[in-house]
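Let me begin by presenting the structure, written as structure tokens, before commenting on it.
The values are calculated or read from the model by the stated rules, or taken from the named source; none is laboratory data. Quick caveat, the model's predicted, so the values are computed rather than measured. Cβ: placed from backbone, ideal geometry, glycine included. Neighbour counts: every protein chain shown. The area values use the complete protein model at the heavy-atom level, side chains included, leaving out ligands, DNA and RNA. Shrake-Rupley method; radii C 1.70, N 1.55, O 1.52, S 1.80 Å.
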Amino acid sequence: MSTEVLRTKPRRSRLHRREHQVALLFIAIPLIGFLLFTLYPLLYSVYASFTSWNGLAAPKFNGLDNYIKMWNDPYFLKAMWNTLFMMIGIPIGLVLSMALALGLNRKMRGTTFFRTVYYVPVISSIAAIAILWQWAYNGDFGLVNQVLDIFGIQGPNWLADKDTVKPALIIMATWKGLGYSMLLYLAALQSVPRYLYEAASLDGAGTWQQFRNITMPMVRPVTFFLVVTSIIGGSQIFIEINIMTPLGGPEFSSASIVWYIWRQAFNNLHMGYASAMSIVLGLIIFVITVIQFRLNRRNQFSID
Amino acid sequence: MSDPRAVASTLTAQPIGKDYVMMKSRLIAASVAMIATTGLLLSGCSAGAADTGEKQLTFMFRGGEDEKAAYTTAIKAFEEANDVKVKIIVTTADDYSTKLKAAIAGKQIPDVFYIGPGDVQAYVNNGIILDITEYVEGSDTLDLDNIWDYGVDSYRFDGSLVGQGAIYALPKDVGPFSFGYNKTMFEAAGIPLPDPDVPLTLDQFVDISKQLTVDLNGDGELDQWGTGLNVQWSLQSFAWSNGADFLNKDRTKVTVDTPEFAEALQWFADLSNVEGITPSTAQAQTLDTYQRWMSGQIAFFPVGPWDVSTYADLDFDYDLIPYPAGKTGESATWVGTLGIAVGSTTEYPELSEKLVEYLSADPTAQQTLVDAGVQIPNLKDTADTWVADSTTQPANKQEFLDIVNDSGRALPANNTYNAEWYDELFTNIQPVLDGTQTAADYLKEAQPKMQAFLDDANAQAGIG
């Protein structure tokens, strides 16, 4: 639409009108979906969080009781801590996928093969992967311990020991997410202009300096994107926990916050309390994300 | 990709064009129209079935392929006999409670659905399920005396205690958690077979287990063990037969801090830590012992009716015995059950009740399910012929029935408003199983926490 058209009164042909109507219909579908299936439940759960509600009868208003209860609930705090702890996997995953992307960005034989290999876990169902790893972590017959055995290391019973269950889950989650991060990094690496490297090497910059001062800043947007989405995804970790340690692990050591919310809501008839915890979780994620965007804006730069 | 904002914009909404302002009012108009249409469509759906004059019931249950197939066949016969369409909604065991509760919260209660005995209190108090006493007692085709008392009583509720009063569901099945032994292994070791009617004492049980915990191939590592039990499913039995219990009679007090309870739990933990007759401490938590039992490495192992079809393919012979008994000398174990209830909002209460009766107690339908090897018969007379059938394992099927009739009890959390207090017992139990904390200490710590959860549950249920 040119500026001239805007200044004069817009003339609309019938075709133009029809197309707009059709376009509106297309927009209406996701919009209604959003209102009905996202906004309405969201508002309702805000309301539910101030009620005593068992999910069966009508909610009864009880003010801030749920929020006070939460503060004194050791399992809530433990589940929060577990969730936070398992995010250690995010930086590890980023470093590994960056390394992989650098490796696979080189001109050598078989890169396509390896890219596929690392991407397979990403497209596999998380439920299937969780069951697979559950076997791999089995204390006696598990693949993980069999490999350790070759090196003479007696592996623990990963999922039944409160000290190893979280690392076990982190390893699995990292393995699963590796391919996705790697692919994004690969794309970012390939869009870094070659002339920057040429100029740098003419100025005598070594490989490490080039990586530090060219590659890293150039792929920053991708790193930012991955950090934000991983943290959001990481706070919602649930399926693998529920499959691999259905009771929240030994001494509640692998229970994530979403797992605990789910259990309170659907097993213990505390839908109101669960709603309150979800609101708190939602707010935490929101605040973290806002902070990240702020930090990112401060560090923005552009090359012209 | 070099502009960070490009990424940021994928996270937030896409930039909005100038045309937006012009469109705004029409956008709103169009969305209102769409919402109105959607509303019409939705209401149209629910009215559709009634318009054509065809009656439709929904039946929601959980189960594997075997059960689905068996139920589909059984329900087809019901549809033909009653000129009704039954819509089947089947979920996996894991999803069931989530999906059912979502349906209830959305005011779409199925006409007929599974409930656990633990749900009865909450569902009745909140008006989710119908009282079917009148229908059940008045039915010509149903003989209550022919169904296991335990199965029916689990779904009775008098407003304060589950187990007595009006009937709210009929049993889908009863699942006695029995105890089995590897007959082939006993014979190979020359150990006399245990008596099928008299329970072993705990000492006898440990003794035999020790004799069967051996290194068969001489590589210096054990490859056959006496037993390997999961604390969550077997502790009840040993606690009960030792004279302990989880709750008092009124279900108002948690009683796990008694010496009898501590003794039973300590003995259970010592099976691994002191006696060394299980594969290894942590293994009791995993499924391993189940796989080992099936590959013939374990002498004693629990057997439920749902295992019988799988165990038919085992390479060894097995049979049932009563659970070993503690101080009281009386064997005890739990009986699981699921019930079939009628939703309170059903359009066709009579037909729904008929479907419940049919699924729970119709002889032909029962035969279909029993033949599938997924459950024991609900009807006493069908069960008698089933026990007498000597062509299938285990030989001592009578033990299953004895448990249902006599030595079996409900799982502790079955009759309380929710299971939070009971789950608490197992959440932090690992140090006891590892031998780093004594059972008595642990139970003393756990009791107040469990009591708090129980008080909370009873308060919500309006009792105690």
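Of (1) of a type in the set (S, T, N, Q); (2) open to solvent by less than 40 Å² (accessible area, probe 1.4 Å); (3) free of Cβ contacts under 8 Å to residues at least 40 places away in the same chain; (4) more than 14 Å from chain B (Cβ to nearest Cβ), residue A:164 satisfies all except one. Which?
Residue A:164 satisfies every listed condition except (4).
In region B:221-239, how many residues are part of a helix (DSSP H, G or I), among the aromatic types (Phe, Trp, Tyr) and open to solvent by 10 Å² or more (accessible area, probe 1.4 Å)?
Total satisfying the criteria: 1.
Mind telling me which of the residues A:23, A:28, A:57 ends up being under 26 Å from residue B:418 (Cα atoms) and either assigned to a loop (DSSP other than H, G, I, E, B) or free of Cβ contacts under 8 Å to residues at least 60 places away in the same chain (or both)?
On inspection, the qualifying residue turns out to be A:57.
Can you pull out the residues in region A:115-161 that are assigned to a loop (DSSP other than H, G, I, E, B) and surrounded by 11 or more Cβ atoms within 10 Å (Cβ to Cβ)?
Hits for region A:115-161 are A:124, A:137, A:138, A:139, A:140, A:141, A:142, A:155, A:156, A:157, A:161.
Quick check: is even one residue across region B:80-94 under 26 Å from residue B:401 (Cβ atoms), in the same structural domain as residue B:373 (by TED's automatic domain parsing) and assigned to a loop (DSSP other than H, G, I, E, B)?
No, every residue in region B:80-94 fails to be under 26 Å from residue B:401 (Cβ atoms), in the same structural domain as residue B:373 (by TED's automatic domain parsing) and assigned to a loop (DSSP other than H, G, I, E, B).
If we keep just the residues of region B:270-292 that are away from every other protein chain (no Cβ under 14 Å) and open to solvent by less than 10 Å² (accessible area, probe 1.4 Å), which is modelled with the highest pLDDT?
That would be B:271.
Among the residues of region B:372-389, write down those that are in contact (Cβ under 8 Å) with a residue 60 or more places away in the chain and in a helix (DSSP H, G or I).
B:380, B:381
Would you mind stating whether residue A:254 is over 16 Å from residue B:94 (Cα atoms), more than 9 Å from chain B (Cβ to nearest Cβ) and part of a helix (DSSP H, G or I)?
Here the answer is no, as residue A:254 does not meet what is asked.
Would you be able to tell me the number of residues in region A:28-56 that are surrounded by fewer than 15 Cβ atoms within 10 Å (Cβ to Cβ) and within 8 Å of chain B (Cβ to nearest Cβ)?
Final tally of qualifying residues: 3.
What tally of residues in region A:192-245 results from selecting those that are over 18 Å from residue A:83 (Cβ atoms), in a helix (DSSP H, G or I) and either open to solvent by less than 30 Å² (accessible area, probe 1.4 Å) or within 14 Å of chain B (Cβ to nearest Cβ) (or both)?
Here the count works out to 16.
Any chance region B:307-319 includes a residue that's closer than 20 Å to residue B:148 by Cβ and either within 19 Å of the chain's Cα centre (by Cα) or modelled with pLDDT of 90 or more (or both)?
yes
Starting from region A:97-117, take each residue that is modelled with pLDDT under 90 and list its partners that are assigned to a helix (DSSP H, G or I) and exposed (fewer than 14 other Cβ atoms within 10 Å of the Cβ), counting only C-beta distances under 8 angstrom and pairs at least six apart or across chains.
Final answer for the pair search is A:105/A:190.
Can you report the number of residues in region B:86-102 which are within 10 Å of chain A (Cβ to nearest Cβ) and over 16 Å from the mean Cα position of the chain (by Cα)?
Matching residues across region B:86-102 total 3.
Would you check if residue A:185 is in a helix (DSSP H, G or I), hydroxyl-bearing (Ser, Thr, Tyr), under 26 Å from the mean Cα position of the chain (by Cα) and more than 14 Å from chain B (Cβ to nearest Cβ)?
Considered against the rule, which asks whether it is in a helix (DSSP H, G or I), hydroxyl-bearing (Ser, Thr, Tyr), under 26 Å from the mean Cα position of the chain (by Cα) and more than 14 Å from chain B (Cβ to nearest Cβ), residue A:185 comes out as no.
Considering only residues that are surrounded by 15 or more Cβ atoms within 10 Å (Cβ to Cβ) and in contact with a Ser or Thr (Cβ under 9 Å, 6 or more places away or on another chain), which ones fall in region B:451-464?
Hits for region B:451-464 are B:454, B:455, B:457, B:458, B:460, B:461, B:463, B:464.
Listed here are the residues, each with its yes/no results for (1) in contact (Cβ under 8 Å) with a residue 12 or more places away in the chain; (2) under 23 Å from the mean Cα position of the chain (by Cα); (3) not in a helix (DSSP H, G or I).
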{"site": "B:327", "(1), (2), (3)": "yes, no, yes"}
{"site": "B:339", "(1), (2), (3)": "yes, yes, yes"}
{"site": "B:346", "(1), (2), (3)": "yes, no, yes"}
{"site": "B:391", "(1), (2), (3)": "no, no, yes"}
{"site": "B:395", "(1), (2), (3)": "yes, no, yes"}
{"site": "B:402", "(1), (2), (3)": "yes, yes, no"}
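Being open to solvent by 30 Å² or more (accessible area, probe 1.4 Å) and part of a helix (DSSP H, G or I) is the filter here; which residues of region B:408-439 pass it?
B:415, B:423, B:434
Which one is least open to solvent (accessible area, probe 1.4 Å), of the residues in region B:440-450 that are farther than 18 Å from residue B:272 by Cα and over 27 Å from the mean Cα position of the chain (by Cα)?
B:441
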